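Here is the structure we will look at, set down as structure tokens.
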Amino acid sequence: MRKRNYLLSLLALLTLFTLLLAGCGGKKEAAQNQSTEKIVAKFSHVTAPGTPKGLAAQKFADLVKERTNGRVEIQVFPSSQLYGDKDEFEALQANNVQFIAPSAGKLISFDQRFQIGDMPFLFKDNQGAARFWDSEAGKKLLRSLESQGMIGLTAWPNGMRQFMNSKKELKTPEDFKGLKFRIPAGGVLVDIFQALGAGTANIPFSEVYTALQQKVVDGTIATFDNIENEKYAEVLNYLTVANVNNLSYIVIVNKQFWDSLPPDIRETVEQCLKEATEYERQLADQLDQESLAKLKQKIKVHELTPEERQAFVEAMQPVWAKYEPVIGKELFEEAKKLNQ
């Protein structure tokens, strides 16, 4: 009897040991499956595929697919195919998409300091804007979005805004007096033109060409790319290359998605984004040069000299003084230092 009980106990122990081994093996197998499971992310943006932003987003996706051997797939949806300007943030925060790239100005509702890109004559060019966003101060600003469930990863400068008008060459702040310019919205742009003694009118983007053609306004402020694509040179006679302020796109990722990535994958994705960012910035600079060359063949172009630009910097001091308390002295000083 004692021998029988001993055998039963031994059999029970062996059964338990077998079950434990099977459980460990199952957990190991599950972990292996999880580590190799394909990761799919959506990148939604509002511009056309052939723009610098569109091309860079696709470059980013292609690099990620290649470097992760297909383990991570980033699906790019351009031209507002999934979401437009008004709803892309809500979609990102809900993790319905994982990446978006809105203009920095669209982030003002989350943090007023993102108005720094709109500050007049603070950034000299695309390169100066890129240096700011890549600095510790710029990165700190990007990280401010984390409390909203988003992480700002990098900036894709898309051009500097320039002055155009139908009346005369604009070389000095005094030349603006009495003119009226189209602006997309109020805020900083209103203050810029007020400081120059010019009037403004809020006109939707789709109506700008007609408003310029019918002389509802005398001029507008836009990037070289916009000026060329929207054919403003057909209805305006003068372009002043002033590099007034900067239009940059901010690449943003959903925080929950980003934190869930395995460290090695996240590191690879970051490196791919870095390469895509360099690519985008080269494209943006190239496009600026090509558009300016075309415009010089169509209308009268004046490029501000350093002395002329300094006169505009001085004219903008009231605007800087108004917004510095909102944006912060630290960011202002960093931007000025990186654009000297």
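The values are calculated or read from the model by the stated rules, or taken from the named source; none is laboratory data. Computed from a prediction, not measured in an experiment: that's the story for all the values here. Backbone-built Cβ (ideal geometry, glycine too); neighbour counts: all protein chains shown.
Within the stretch 201-227, the set of residues being surrounded by 20 or more Cβ atoms within 10 Å (Cβ to Cβ) and among the acidic types (Asp, Glu) comprises just one member, Asp218. Scanning the stretch 241-261 for residues that are hydroxyl-bearing (Ser, Thr, Tyr) and either surrounded by 22 or more Cβ atoms within 10 Å (Cβ to Cβ) or in contact with a Ser or Thr (Cβ under 6 Å, 6 or more places away or on another chain) (or both) yields Ser248, Tyr249.
Scanning the stretch 227-236 for residues that are touching a residue at least 40 places away in the same chain (Cβ under 8 Å) and of a type outside the set (D, E, K, R), we see that the one that is farthest from Gly159 (Cα to Cα) is Val235.
Here's the yes/no breakdown for (1) polar (S, T, N, Q); (2) under 29 Å from Gln310 (Cα atoms):
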{"residue": "Ala57", "(1), (2)": "no, no"}
{"residue": "Glu66", "(1), (2)": "no, no"}
{"residue": "Val72", "(1), (2)": "no, no"}
{"residue": "Gln75", "(1), (2)": "yes, no"}
{"residue": "Tyr83", "(1), (2)": "no, no"}
{"residue": "Val97", "(1), (2)": "no, no"}
{"residue": "Leu145", "(1), (2)": "no, no"}
{"residue": "Ala155", "(1), (2)": "no, yes"}
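Only a single item in (1) part of a strand (DSSP E or B); (2) touching a residue at least 40 places away in the same chain (Cβ under 8 Å) is not met by Pro120, and it is number (1).
For Lys167, the requirement of being more than 20 Å from Val319 (Cβ to Cβ), within 25 Å of the chain's Cα centre (by Cα) and either of a type in the set (Gly, Ala, Ser) or outside any strand (DSSP E or B) (or both) is not met. Within the stretch 122-158, restricting attention to residues that are within 18 Å of Lys53 (Cα to Cα) and of a type in the set (Asp, Glu), the residue that is surrounded by the most Cβ atoms within 10 Å (Cβ to Cβ) is Asp125. For the stretch 79-99, filtered to residues that are within 9 Å of Val46 (Cβ to Cβ) and of a type outside the set (Gly, Ala, Ser), the residue that is surrounded by the fewest Cβ atoms within 10 Å (Cβ to Cβ) is Asp85.
Which one of these does Glu270 not meet: (1) buried (at least 17 other Cβ atoms within 10 Å of the Cβ); (2) in contact with a strand residue (DSSP E or B) (Cβ under 8 Å, 6 or more places away or on another chain); (3) more than 29 Å from Phe176 (Cβ to Cβ)? Glu270 satisfies all of (1) buried (at least 17 other Cβ atoms within 10 Å of the Cβ); (2) in contact with a strand residue (DSSP E or B) (Cβ under 8 Å, 6 or more places away or on another chain); (3) more than 29 Å from Phe176 (Cβ to Cβ) except (1). Checking each residue in the stretch 46-77 for being modelled with pLDDT under 95 and either of a type in the set (S, T, N, Q) or assigned to a loop (DSSP other than H, G, I, E, B) (or both) picks out Val46, Thr47, Ala48, Pro49, Gly50, Thr51.
Taking the stretch 66-92 as the range and being in contact (Cβ under 8 Å) with a residue 12 or more places away in the chain, closer than 24 Å to Pro263 by Cβ and of a type outside the set (Asp, Glu) as the test, the residues that pass are Arg67, Thr68, Gly70, Arg71, Val72, Ile74, Gln75, Leu92. The single residue among Leu239, Leu273 that is touching a Phe, Trp or Tyr at 6+ places or on another chain (Cβ under 9 Å), among the hydrophobic types (A, V, I, L, M, F, W, C), outside any strand (DSSP E or B) and in contact (Cβ under 8 Å) with a residue 24 or more places away in the chain turns out to be Leu273. Candidates are the residues of the stretch 161-191 that are of a type in the set (A, V, I, L, M) and either farther than 26 Å from Ser248 by Cα or modelled with pLDDT of 95 or more (or both); the one that is surrounded by the fewest Cβ atoms within 10 Å (Cβ to Cβ) is Leu179.
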